[in-house]
Amino acid sequence: MEPEEKVEASSKSSNKTAIIVVVVLVLLGVVWFFFRGTVMTPAGVSVDKNLDGSATYTTEEGTVTIGVNSYPDNWPSDVPKYSNGQIQYSGTSNPQTGQAGSAVVFITTDDVQKVVDFYKRELTSTGWKIEQTATIGQMMVISATKGSTAFGAQIVKMDDGQTSVTVGIGN
């Protein structure tokens with residue numbers, strides 16, 4: 001028999017949370033697509049390789065900058081940076097249409113609950129409102145808002161015992 005999925009909500013803003021999760025997933029999709037690279041650059045996309053090892057991809061709709069091993073330069077000062085993690089990749093979107101945002105993916109040896117507790121504590125201490133947390137199997141999701149800015153994190157225990165953390169910020 002499969003274990004039941006456990007979901008806990010700290011508020012009734014499930015629509016807002018769904019939007020936050022979608023924003024995070026879209027940012028991650030863009031980050032993954034460009035970070036992994038392709039044999040050919042898609043038509044209409046120009047690529048600039050930056051001195052810091054990052055790359056900026058530009059289309060008529062906006063730009064996405066993908067960097068490795070560091071938080072994006074525009075990471076908000078009131079959004080905590082997890083110190084015990086190894087950044088796998090990060091990215092920033094500055095679209096001409098839609099919403100701007102940033103995302104970072106890192107691996108840590110800390111357990112899922114320790115990472116969730118860190119974000120809950122640090123976000124609320126800088127004025128963020130925790131909108132929802134959810135636990136589904138080995139994964140936890142946390143979403144928060146501050147003004148018009150949304151925060152979303154997905155924290156997953158991997159098979160190798162490490163924890164993968166994906167954090168997205170959007171306006």
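Every number in this text was worked out from the coordinates using simple rules, so none of it is lab data. Keep in mind the model is a prediction, meaning the values are calculated, not measured. Methodologically, a virtual Cβ is constructed for each residue, glycine included, from the backbone with ideal geometry; neighbour enumeration extends over all protein chains shown.
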Could I have the simple spin-label model distance between residue 125 and residue 49, label points 7 Å from Cα toward Cβ, reported in nm to one decimal? 4.1
Rounded, prolate or oblate: pick one for the stretch 86-131, where a ≥ b ≥ c are the square roots of the eigenvalues of its C-alpha gyration tensor, a/c under 1.5 means rounded, and failing that, prolate if a/b is larger than b/c, else oblate. oblate
Quick one: net charge of residue 163's neighbours, Cβ under 14 Å, K/R +1, D/E -1? -3
Around residue 54: net Lys/Arg minus Asp/Glu count, Cβ-Cβ under 10 Å: -2
Which order do the peptides 56-63, 161-168 come out in when sorted by mean C-beta neighbours inside 10 angstrom, highest first? 161-168, 56-63
For the stretch 92-171, shape from the Cα gyration tensor axes a ≥ b ≥ c, cut at a/c of 1.5 then a/b versus b/c, turns out oblate
Burial-style ranking of 83-89, 46-52, 128-134, average other-beta-carbon count within 10 Å with highest first, yields 128-134, 83-89, 46-52
Let me check I've understood the local charge: for residue 78, count other residues with C-beta under 14 angstrom from its C-beta, Lys and Arg +1, Asp and Glu -1. What total comes out? +3
